[in-house]
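S.K.: Below you'll find the structure I mean.
Read-outs throughout are calculated quantities, based only on the coordinates presented, and are distinct from any laboratory measurement. Only a predicted model underlies this, so the values are computations on that prediction, with no experimental measurement involved. Cβ: placed from backbone, ideal geometry, glycine included. Neighbour counts: every protein chain shown.
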Amino acid sequence: MQVGIDSFAAAYLEESRAVSPSDRVRELVEQIEHADRVGLDVFGIGEHHRKDYLDSAAPMILAAGAARTKQIRLTSAVAVLSAADPVRLFQQFATLDLLSQGRAEMVVGRGSSIEAFPLFGFRLEDYDALFAEKLELLLEIREHEHVHWSGKFRPALTGQGVYPRPLQNPLPIWLGVGGTPQSFARAGMLGLPLMVAIIGGEPRRFRPLVDLYREAGRQAGHAPEQLKVGVHALGYVAAATEEAANEFFPGYAAAIASVAKERGWPGATRAGFDAQRGPEGALLIGDAETVVEKIRHYDEALGGISRISLQMNVTSLPHAKLMRAIERLGTEVAPEVRTVAA
């Protein structure tokens, strides 16, 4: 099982907002470098277009990380494909693949935040149609150097070449999903690896959707080993479990409050947070032993997973604490969970 980290380069607390954007980006690149040094498998950068985030141009951050790392895989987490040009997105990640000598990946999705749509001139009414068409084009570009394609939302391609070509053939493309059955079934039919965002509730409630993905893939003729399942979850590792919970909760509550105000959700309570840290909950928070056991629970609940990526930065923790958590994840957690059969 691969173990990694996802970051949204977010700042929800006043202490984190007091750090200059330049210093925050520099620290993020140091975190990528440190994750590589301690043996983690993958580092992902999300995509948002709002004030509290610095990840609107994820390939740029990943390219800086590529220049300072040797082994770790570098991915989006996720790229909002519905509001992107698939040609440019492929070119950016193909270039990242060349820079990193074959370590680039893409996780693409529709995006749970909607600010990219008006920013780039797209209609929310076309939310799913945009994604379906652009995913089709992205996969066509990955397959063919010269592309013949036409659709509704973009001018046709009539044999133009798309360059550069990546070192990896094919360039890995994962499908990032939330909780809609159609998204799971689509990933299976296309034979794409699946990245499931689980930020609350019980992981086992996603098992029917993961089973749907695997069955759709089987019916489409894809080999079981092609149908990989990864998980993006909120997590943090400290020396002791209560220490981890006490450090994580303030930023977690602020992040949930920010989203809850927009979407009409209830805010986070400490009691609810502690319940989510329990054996059946979604949060991967505690000492190394606790996090290892929780990852094993995810693996069992979902019928085997190939990758787990922890989103730690949502808490706006200081850089030094994130660096220590990255080290614990790489040196104490990852060696244990890699023995889990995916």
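S.K.: Could you tell me what % of all Cα pairs in segment 2-337 have separations over 35 Å? Walk me through the numbers on the way to the answer.
M.R.: Working: 9559 of 56280 pairs.
Cα-Cα pairs of segment 2-337 separated by over 35 Å account for 17 percent.
S.K.: Within 11 Å, Cβ to Cβ, of LEU135, how many net charges do the neighbouring residues add up to if Lys/Arg are +1 and Asp/Glu are -1? All intermediate terms of the calculation are to be shown ahead of the outcome.
M.R.: Numbers: positive: ARG110, LYS134, ARG142, ARG186; negative: ASP128, GLU133, GLU136, GLU140.
Taking every Cβ under 11 Å from that of LEU135, the sum is 0.
S.K.: Still on this structure, I have one more. Gap in Å between the Cα centre of segment 286-302 and the Cα centre of segment 104-145?
M.R.: That distance is 32 Å.
S.K.: Which of TRP174, TRP149 has the fewest other C-beta atoms within 10 Å, and how do the rest follow up to the most? Present the calculation step by step, with values, prior to reporting the outcome.
M.R.: Details: TRP174 24, TRP149 17.
Ranking TRP174, TRP149 by Cβ neighbours within 10 Å, fewest first, gives TRP149, TRP174.
S.K.: Give me the distance in nm between label points sitting 7 Å out from Cα along the Cα-to-Cβ direction at GLU143 and GLN71, one decimal.
M.R.: Going by the 7 Å Cα→Cβ label model, 3.6 nm.
S.K.: Treating cross-link reach as a plain straight distance, find the aspartates and glutamates whose alpha-carbon is under 17 Å from the alpha-carbon of LYS228, omitting any fewer than eight places away in the same chain.
M.R.: The reachable aspartates and glutamates, counting only those whose Cα sits under 17 Å from LYS228, are ASP41, GLU105, ASP211, GLU215, ASP299, GLU300.
S.K.: Size of segment 206-342 along its principal axes in angstrom, Cα-based, largest extent first?
M.R.: Principal-axis extents of the Cα atoms in segment 206-342, largest first: 47, 39, 24 Å.
S.K.: Between LEU167 and ALA257, what is the label-point separation in nm under the 7 Å Cα-to-beta-carbon projection?
M.R.: Going by the 7 Å Cα→Cβ label model, 4.5 nm.
S.K.: Okay, next question. Let me have the 222 nm mean residue ellipticity of the chain computed from DSSP H runs of 4+ only, each contributing -39500 (n - 2.57), with the sum over all residues rounded to the nearest 500. Display every interim value, and only then the final one.
M.R.: Working: 13 runs with 146 residues, N = 342.
Value at 222 nm, helices only, nearest 500: -13000 deg cm²/dmol.
S.K.: Starting with the highest mean, order 304-313, 58-67 by the number of other Cβ atoms within 10 Å, averaged over the residues of each peptide.
M.R.: Numbers: 304-313: 23.6, 58-67: 20.7.
The densest-packed peptide leads the list: 304-313, 58-67.
S.K.: By how many nm would the segment from GLU300 to GLU27 grow when fully extended, if each residue of separation counts as 0.36 nm and the alpha-carbon distance is taken off?
M.R.: This chain segment gains 94.8 nm when fully extended.
S.K.: Which of the peptides 262-275, 132-145, 32-45 is most tightly packed, and how do the rest follow, judged by the mean count of other Cβ atoms within 10 Å per residue? Numbers along the way, then the final one.
M.R.: Values: 262-275: 11.9, 132-145: 17.9, 32-45: 22.4.
Result, highest mean Cβ count within 10 Å first: 32-45, 132-145, 262-275.
S.K.: Using a/c under 1.5 as the rounded threshold, could you call segment 80-190 rounded, prolate or oblate? The axes a ≥ b ≥ c are square roots of the C-alpha gyration tensor eigenvalues, and prolate needs a/b larger than b/c, oblate otherwise. Let's see the in-between values first.
M.R.: Details: a/c = 1.62, a/b = 1.33, b/c = 1.22.
Taking the square roots of the gyration eigenvalues as a ≥ b ≥ c, segment 80-190 is prolate.
S.K.: May I ask you to sort SER113, SER82 by Cβ crowding, counting other Cβ atoms within 10 Å and putting the fewest first? Could you put the intermediate results ahead of the total?
M.R.: Details: SER113 16, SER82 26.
Sorted ascending by nearby Cβ count, the order is SER113, SER82.
S.K.: Then there is this: Please give the FRET efficiency for ALA271 paired with PHE153, using the beta carbon to beta carbon distance and R0 = 56 Å, rounded to the nearest 0.05.
M.R.: Numbers: r = 46 Å, r/R0 = 0.81.
It comes to 0.75.
S.K.: Against the longest principal axis of the chain, how steep is helix 86-99, in degrees 0 to 90 to the nearest 10, with axes from Cα atoms?
M.R.: For 86-99 against the chain, the angle is about 60 degrees.
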